[in-house]
Amino acid sequence: MSILIKNVLLDRQVVDVYIKGNRFERIAPNQDIEAEQVIDGTDKAIMPSFANGHTHAAMTLLRGYAEDMELHTWLNNHIWPLEAKLTEQDVYVGSKLACLEMIKSGSTFFNDMYWHFSSTAWAVEEMGIRAALSSVFIDFNDPETAEYRWNECLELFDQSRNLDPRIDFALGPHSIYAVSRDSLLKVADFAKKHDLQIHIHLCETEKEVQDSLEQHNQTPVQYLHSLGLLGPNLCACHAIWLNQEDMDLLAENHVKVIYNPVSNLKLCSGNFPYQELKKRGIKIALGTDGCSSNNNLDILEEMKIAALTNKAHCQDPAIMPASEVFTATTAAAAKIFGLNCGEIAEGKLADCILVNLNHPQVVPNYNLVSNLVYSANGGCVDTTICDGKILMQNREVPGEEEIIAQARETARRLITTN
């Protein structure tokens, strides 16, 4: 497969971008090259596509279901009981809806933790994007449940060897309050043995920290450190309630952190210590979280909220400038997840978007990155390409009407079935 994008804007220069296979082969003006597909890039700009660092994809089916309450009440009384009804088919349908939403708003990678791993993988393979997938591991300190979940994890790991190369297998212990000490030790050992990423919720609420101090006489970060989980392969999501020692430990162990500004605000979880983490050199990406705590998967909206929240919290308009927050969803995120993308450059994976420069929200174009962060939304994305394949062109994704119809029907049945 080859694609030639003609007369497209890249860093204020009009160029042709030639994609061969799944890589950017050549970027230069006025290329005389034959390609299987030619895209007219006039009045469009090419940009790296986005990475969504923390999701629960099939929660698109729970969008708007339980609103306006704090995290633990929301989870225990509403979300987890409804999730218990989800079938493999339900998760497949919800994950396809999530992939559709991300493609439509320019994301071509997501880091997911959810039930029915194989169903999410099936959806990702069909929709053509990338993902790091983990099956959520929760045992609530019950040995029988822990054994069942661990055996399931081992089976899924074996099955993952046959997945599309666009999918990476990860381990997904939900949190220290939902996973036993013995299971966390197994996760740490297995991850080191097989060089796997660990995806976990960490220090999301003050209650989580207080409970940990009472039960372990340690903060959640200190507790994970004592179990050997802190390391470059740990992806810590939320990471809000951190003291100075916690942040030093995260930095010393090269832990990656995922900032989820909209979810944090909606659940009133607290202020993310962006500047303190940044000063320590900790790598940070952005995530939307699931659609029942956000309620969308538009990473452009996440960029704006991230920047504005930090400016207000620090009372400094120079904090988290547009270029910095944009990089957190592109090049920086690619490094966190071990992807050779996040930039429009020869030799990189051909994951990109074409932005419609005639969209009112990006006119005038003094600074395109600034426009995308502060004024745009996913509707400005005209074309989405992943792994050298066109997933959306002229805002159209093949089969989207059927995906939406199936999701509506599935959600209706979930709510009406006892």
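The values are calculated or read from the model by the stated rules, or taken from the named source; none is laboratory data. No experiment lies behind these values; they were computed from the predicted model shown. Neighbour counts are summed over all protein chains in view; Cβ atoms, including those assigned to glycine, are modelled from backbone coordinates with ideal geometry. For the accessible areas, the whole protein counts, side chains as well, though only heavy atoms, and no ligand, DNA or RNA atoms are used. Shrake-Rupley method; radii C 1.70, N 1.55, O 1.52, S 1.80 Å.
Among helices (runs of 4 or more DSSP H) entirely within region 281-351, having at least 3 residues that are more than 16 Å from the chain's Cα centre (by Cα) singles out 299-314, 322-328.
For region 372-393, the set of residues classified as open to solvent by 60 Å² or more (accessible area, probe 1.4 Å) and either free of Cβ contacts under 8 Å to residues at least 12 places away in the same chain or more than 15 Å from Glu101 (Cα to Cα) (or both) consists of Tyr374, Lys389, listed by residue number.
Within region 242-258, the only residue that satisfies the criterion of being closer than 26 Å to Thr288 by Cβ and touching a Ser or Thr at 6+ places or on another chain (Cβ under 7 Å) is Asp246.
Taking the criterion of being open to solvent by 30 Å² or more (accessible area, probe 1.4 Å), closer than 18 Å to Ser375 by Cα and touching a residue at least 40 places away in the same chain (Cβ under 8 Å), the only residue of region 318-344 that qualifies is Ser323.
The combined condition, being touching a helix residue (DSSP H, G or I) at 6+ places or on another chain (Cβ under 8 Å), open to solvent by less than 50 Å² (accessible area, probe 1.4 Å) and not in a helix (DSSP H, G or I), is fulfilled by Leu171. Restricted to strands (runs of 3 or more DSSP E) entirely inside region 1-69, those with at least 2 residues that are of a type in the set (S, T, N, Q), in contact (Cβ under 8 Å) with a residue 12 or more places away in the chain and within 26 Å of Leu286 (Cα to Cα) are 50-55.
Quick check on region 201-214. Is at least one of its residues of a type in the set (A, V, I, L, M, F, W, C), closer than 28 Å to Ile167 by Cα, touching a helix residue (DSSP H, G or I) at 6+ places or on another chain (Cβ under 8 Å) and crowded, with 23+ Cβ neighbours inside 10 Å? Yes, region 201-214 contains at least one residue that is of a type in the set (A, V, I, L, M, F, W, C), closer than 28 Å to Ile167 by Cα, touching a helix residue (DSSP H, G or I) at 6+ places or on another chain (Cβ under 8 Å) and crowded, with 23+ Cβ neighbours inside 10 Å.
Scan region 120-144 for residues that are open to solvent by 50 Å² or more (accessible area, probe 1.4 Å) and in a helix (DSSP H, G or I) and the total you get is 5.
The helices (runs of 4 or more DSSP H) located wholly in region 214-276 that include 3 or more residues which are in contact (Cβ under 8 Å) with a residue 40 or more places away in the chain and closer than 26 Å to Leu75 by Cα occupy 220-226, 261-266. Contact annotation: residue pairs with Cβ atoms under 8 Å, 6 or more positions apart or on different chains, pairing a residue in region 350-371 that is open to solvent by 10 Å² or more (accessible area, probe 1.4 Å) with a partner that is among the acidic types (Asp, Glu), are Asn356/Asp43; Asn356/Asp382; Leu357/Asp43; Asn358/Asp43. Pairs meeting the criteria (first residue in region 166-179 and closer than 14 Å to Arg149 by Cα, second residue charged (D, E, K, R), beta carbons under 8 Å, at least 6 apart or on different chains) are Ala178/Asp139; Val179/Asp139.
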